[in-house]
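> Have a look at this one before I ask anything.
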Amino acid sequence: MKRTFLAILLSATLGVVSQGVATEYFVDSHAGDDSASGTSPESAWETLDRVNQADFEPGDVIRFRRDGIWRGKLRCKSGAEGNPIVYTDYRTGKEYYPPRILNSVDLTGGAKWTRIGDENSNLWATREGSWRDLGATSDYVRGFASGRWHVYTEEDAKASCREETFADLDGAEGYRIECAEPGSEATYLQWTTQGFQVKDGGYVALRFKARASAPVTIDSGVSLMMTGKPWSSYGETLELPGEISTEWGEYTVVFRPAKDASDGRITFFLGGKLPQGGTFDFVPLETHEYEDISLGLHSDVGNLVLTEPSPMGPSRGIMALFEYRPKKFFASTSDRMEYAGFKRWSRDELKEYLDFWYDNKERRVYMVSAENPGKLFVSIEAPLRDHCCVCPGHDVIIENITFSHTGAHGVSLPNPKRITIRNCSFDWIGGGDLYGQGGEGRRVRFGNGVEFWEGGQDCVVEKCRFSRIYDVALTAQGPEKDVAKNLIMRDNLIYRCEQAFEIWFTHPETVVEGVVFEHNLCVDTGRDWSHYQRPNKIATPILGYGLDAKTVDITIRKNVFYDTQQFFIKCWHNRIADYHIDDNVYWVDETKPHESGDKYFCYDAANGKEPMTFDEFRAATGHDKNSRWIKPEFKDYGNDVFTLKNQEELDAGPRVEHWGRLW
């Protein structure tokens, strides 16, 4: 391990940051003002947008006021080696709860819902979304997608385009696409423009007139992206034109840019959509800025988190009880009861109470309820398919912040270097539509607590709390040639998630070295909302998919694994011999149902389809020679206080005294 990494680990543990001339910034969701300087609690900023737009220097500290709530996405900036940028908390008085970042829409209130059908109908929907056209407000907006358009084909698609003056459109200048072969895949025929400026934030509308020789439906496959490899996304596509008829019509595509870049590209993936021998006429118009005046349901809704009053009366308590019921999962707190809605993929599938469906064309949520949901529940949160935090760079510390209520990831780390995440909480994570096909194509949901994507080097996730996560709390993964080196995940509490730790890398030249999962406490894997709803139930603390890397060095040690619905280890690769697994504690609660039967310890797909018991796993792999079966004793399991009373006996688990409150 490099000396620089050891120095960072030491400074992170002691809470010491090496700074030169650094500035502290303050953010207050209650009393902040984005026009203020942000450099004191009295002149704090208010919003995440203001934080994301700021240019920070190495050593700067961004402090979010405790008890504050922000909606949206935090985008972290990079520091310098040995001098990270720090995102953390502050208090001015008696504030108690850590700052909380949600990527969800508040659907509370009867005015946000309307009954669909007659007075006896139990189907409700959020009110329809709409946009306000602000016009061409700036040079940036006018220049967006203002370049020449061209057609690109590959494989079995054949098409050409030419510039055209359309006399029947008052001499408007545009383009005509002639399609000889539509192609078998959407990517094989592309209509694209590129090389324009993209700015983070706001909504930009590409306006155009079009017609086709036969009706063409464009309700998917339009992307705002990077001009060249790796063609990364530069934002979301929120509105699509739908059917383009044989007569001239005016259409709009609305984008929400999420990057600052000078190499923007818009691509219509038209493969398989244009008819063979058909034509498509396209006249670009001036782009406009749009304002979202809808409820904000601009991307897939991964879940509905519904809260109703508790008969125990109001208080400010923490999560106190978790119960299993045959058809619904819910968590109760001393002042509320929280339910997960059941995501369906079409309106026709809405049958039972709390079933919901997100209509990606109308940007509305439909839900089954006997009464107006906005009045029935104390609160309704709709987690969107977007991350709470994206940290794509290097030299960052994120601490003392809660990330919750998102349909995607809590923190996304694309190819990170020297990132530390500590003392953070992750709750109600995931459930969004991975491929964005609205149920009409691949029906895959996703969402992780912290995801290392495309490798990562010299990073730590420690003393964090993960709960109610659709997929996995901690994962390192990627399909490209990556380096995953010195990724340390330690002293975390992971409970009622579908999985705790996952790893997969499929490129044969990837290097996996020094990946360590140690001193973590994993409780009740697969015993929450996602397990009941997902079609591919994979309840296991340790999960491995394809691992075709050149080198593999993974250590799993000194963890406590308390119960699981299915297995403790499940993998689909043949690299288990390259793991180092030992000194762990396992325990199964025999009073609870277990879906995997008696042989619940390991499912190793590479070595046969039969699950293995603990003894069979040890004999087959040589792992866990010093691991033990001991029952963990918790301070107050029923009230989700997982402090270990017998940690000395276990000689494993997180080395912290008390977990405290979830937020």
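> If you take the C-alpha gyration tensor of segment 498-560, multiply each eigenvalue by 5 and take the square root, what semi-axes do you get, largest first, in whole Å?
Working from the Cα gyration tensor, I get semi-axes of 25, 17, 5 Å.
> For residue 112, go through the lysines and keep the ones whose alpha-carbon is under 16 Å away, minus same-chain ones fewer than eight residues off.
375
> Sticking with this one: Compute the angle between helix 3-14 and the longest alpha-carbon principal axis of the chain, please, reported from 0 to 90 degrees and rounded to the nearest 10.
Roughly 70 degrees between the two axes.
> List the residues whose amide H sits under 5 Å from the amide H of residue 337, counting only those 5 or more places along or on another chain, with H placed 1.01 Å from N in the peptide plane.
Sorted by chain and number, the residues that satisfy this are 308, 310.
> Roughly how much of residue 25 is accessible, in Å² to the nearest 10, using a 1.4 Å probe?
40
> Right, here's the next one. For segment 542-556 and segment 237-252, what is the separation of their Cα centres, given in Å?
Here the answer is 46 Å between Cα centres.
> Which value in Å is the Kirkwood Rh of segment 346-428 over different Cα pairs?
15.5
> Which value, in Å to one decimal place, does the Kirkwood hydrodynamic radius take for segment 99-214 when every pair of different Cα atoms is included?
Kirkwood radius, segment 99-214: 19.3 Å.
> Just to confirm, what accessible area per residue do you get for the chain at 1.4 Å probe, in whole Å²?
Accessible surface, normalised per residue, equals 40 Å².
> Can I ask one more? Which of the lysines could a cross-linker span from residue 537 if the Cα-Cα distance has to be under 19 Å and same-chain partners fewer than 8 positions apart are dropped?
327, 328, 343, 570, 592, 599, 609
> Oh, and also: Using +1 at the C-beta of Lys and Arg and -1 at the C-beta of Asp and Glu, which of 99, 125, 153 has the Cα lying farthest in the positive direction of the dipole of segment 83-225?
Sorting the options by dipole projection puts first 99.
> Can I ask one more? For segment 507-663, calculate the relative contact order in percent as a whole number, restricting contacts to Cα pairs under 8 Å that are 6 or more residues apart.
22
> With both partners inside segment 540-663, how many of the DSSP beta bridges are antiparallel, as a percent to the nearest 5?
15
> What figure in square angstrom, to the nearest 10, would you give for the accessible area of residue 256 with a 1.4 Å probe?
50
> I'd like the Karplus ³J(HN,Hα) series for segment 93-98: coefficients 6.51, -1.76, 1.60, θ = phi - 60°, whole numbers in Hz, and an x wherever there's a Gly or Pro.
Computed from phi, the couplings for segment 93-98 are x, 9, 4, 10, 6, x Hz.
> A follow-up question, please. If the cut-off is 14 Å between C-alpha atoms, which aspartates and glutamates fall inside it for residue 77, apart from same-chain ones fewer than 8 positions away?
49, 55, 57, 60, 200, 260, 395
> Calculate, in whole percent, how much of the Cα-Cα pair population of segment 52-142 lies beyond 15 Å.
77
> If you don't mind, another one. So what is the diffusion coefficient of segment 383-461 in µm² per second by Stokes-Einstein at 20 °C and 1.002 mPa s, using a Kirkwood Rh over Cα pairs?
Reported coefficient: 165 µm²/s.
> Using only the heavy atoms of the protein chains and a 1.4 Å probe, how would 367, 612 rank by accessible area, largest first?
Ranking 367, 612 by accessible area, largest first, yields 612, 367.
> To continue, here is another question. Restricting to the chain, what percent of DSSP beta bridges are antiparallel, rounded to 5?
45
> Within the P(r) computed for segment 547-592, what percentage of the Cα pairs occupies the region above 13 Å?
It works out to 64 percent of all Cα pairs.
> Taking every eigenvalue of the Cα gyration tensor of segment 571-628, multiplying by 5 and rooting it, what semi-axes result, largest first, whole Å?
One finds semi-axes of 20, 16, 9 Å for segment 571-628.
> Okay, moving on. According to the Kirkwood expression over distinct Cα-Cα pairs, how big is the hydrodynamic radius of segment 147-253, in Å?
15.4
> Which order do 489, 225 take by accessible area at a 1.4 Å probe, largest first?
Highest to lowest solvent-accessible surface, that is 225, 489.
> Tell me, how many Å apart are the Cα centres for segment 377-446 and for segment 91-121?
Using only Cα atoms to place each centre, the spacing works out to 18 Å.
> Taking 0.36 nm per residue of separation and subtracting the Cα-Cα distance, what length does fully extending residue 200 through residue 616 add?
144.4 nm
> Still on this structure: Take the alpha carbon atoms of segment 164-187, find their center, do the same for segment 30-75, and report the distance between the two centers in whole angstrom.
Here the two parts' Cα centres lie 47 Å apart.
> Follow-up question, since we're still on this one. Using Cα-Cα distances under 8 Å and only pairs 6 or more residues apart, what relative contact order does the chain have, in percent?
Normalised by residue count, the contact order of the chain is 10 percent.
> Rg to Rh for the chain: what is it, with Cα atoms only and Rh by Kirkwood?
That ratio is 0.98, to two decimals.
> Using Cα pairs closer than 8 Å and at least 6 residues apart in sequence, work out the relative contact order for segment 55-197, in percent.
17
> Also, I was wondering about something else. Using a 1.4 Å probe on the protein chains only, how many percent of the accessible area of the chain belongs to carbon and sulfur?
Using a 1.4 Å probe with all protein chains present, the chain comes out at 47 percent carbon and sulfur.
The values are calculated or read from the model by the stated rules, or taken from the named source; none is laboratory data. Quick caveat: nothing in here was measured; it's all calculated off a predicted structure. Positions of Cβ are generated from backbone atoms using ideal geometry, with glycine treated the same way; all protein chains shown enter the neighbour counts. Quick note on the areas: whole protein, heavy atoms, side chains included, nothing else; ligands and nucleic acids left out. Shrake-Rupley method; radii C 1.70, N 1.55, O 1.52, S 1.80 Å.
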